[in-house]
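Chemist: Before I ask anything, here is the structure I am working with.
The values are calculated or read from the model by the stated rules, or taken from the named source; none is laboratory data. Since the model is a prediction, treat every value here as computed from it, not as a measurement. Positions of Cβ are backbone-derived with ideal geometry, glycine not excepted, and every protein chain shown enters the neighbour counts. For accessibility, only protein heavy atoms count, side chains too; no ligands or nucleic acids. Shrake-Rupley method; radii C 1.70, N 1.55, O 1.52, S 1.80 Å.
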Amino acid sequence: MKWTRMISVRISAIGLTVLLILFELFTEVFSLNIEAKWELGVLSYKSMEPSSGPPFMILFVSLVLIAASIFIWIKQKWAWFFIGSLLMIIGSVIQWPVKSGAITNLFELILIISLLGTAYFQRKT
């Protein structure tokens, strides 16, 4: 899409990314206290405090992904980016009857594959 090539759009995207990173650092990461936890033979770390609210940064990034995927679907007739983004959101929201949290990684992989497929599709056209 031509408007995405404008320097102001690119600077805005970079600025938004930096703001989201800083927001996450100051609201979550710097005050994080973690403890080691063994789960199904795998070492992981979890926060010692309960969540202070919804994961704002993840919700915002998901919204941006869905919006971008809808633009690409409409303009380029490529639905796979939207499908991958939607599956990632749905897969993260559902409480799966699996002991491991690795199921979320499967949905992240689906999103990554849809992003790679979209990049390949856009280079061909």
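Chemist: Among (1) surrounded by 12 or more Cβ atoms within 10 Å (Cβ to Cβ); (2) more than 30 Å from Arg10 (Cβ to Cβ); (3) touching a residue at least 60 places away in the same chain (Cβ under 8 Å), where does Lys99 come up short?
Modeler: For Lys99, the exception is condition (1).
Chemist: Could you tell me whether the stretch 22-31 includes any residue that is under 13 Å from the mean Cα position of the chain (by Cα) and open to solvent by less than 70 Å² (accessible area, probe 1.4 Å)?
Modeler: No, every residue in the stretch 22-31 fails to be under 13 Å from the mean Cα position of the chain (by Cα) and open to solvent by less than 70 Å² (accessible area, probe 1.4 Å).
Chemist: Only one of Ile14, Ile83, Ile66 is open to solvent by 90 Å² or more (accessible area, probe 1.4 Å), β-branched (Val, Ile, Thr) and modelled with pLDDT of 90 or more. Can you tell me which?
Modeler: Matching residue, one of Ile14, Ile83, Ile66: Ile14.
Chemist: Looking only at the stretch 75-125, count every residue that is over 19 Å from Leu63 (Cβ atoms), not aromatic (Phe, Trp, Tyr) and not in a helix (DSSP H, G or I) and tell me the total.
Modeler: Final tally of qualifying residues: 9.
Chemist: Just need a number here: residues in the stretch 45-54 that are touching a residue at least 12 places away in the same chain (Cβ under 8 Å), open to solvent by less than 100 Å² (accessible area, probe 1.4 Å) and part of a loop (DSSP other than H, G, I, E, B).
Modeler: Adding up the residues that qualify gives 1.
Chemist: Still on this structure, please answer the following. Quick check, is Glu35 charged (D, E, K, R), assigned to a helix (DSSP H, G or I), more than 30 Å from Gln122 (Cα to Cα) and modelled with pLDDT of 90 or more?
Modeler: No: the conditions fail for Glu35.
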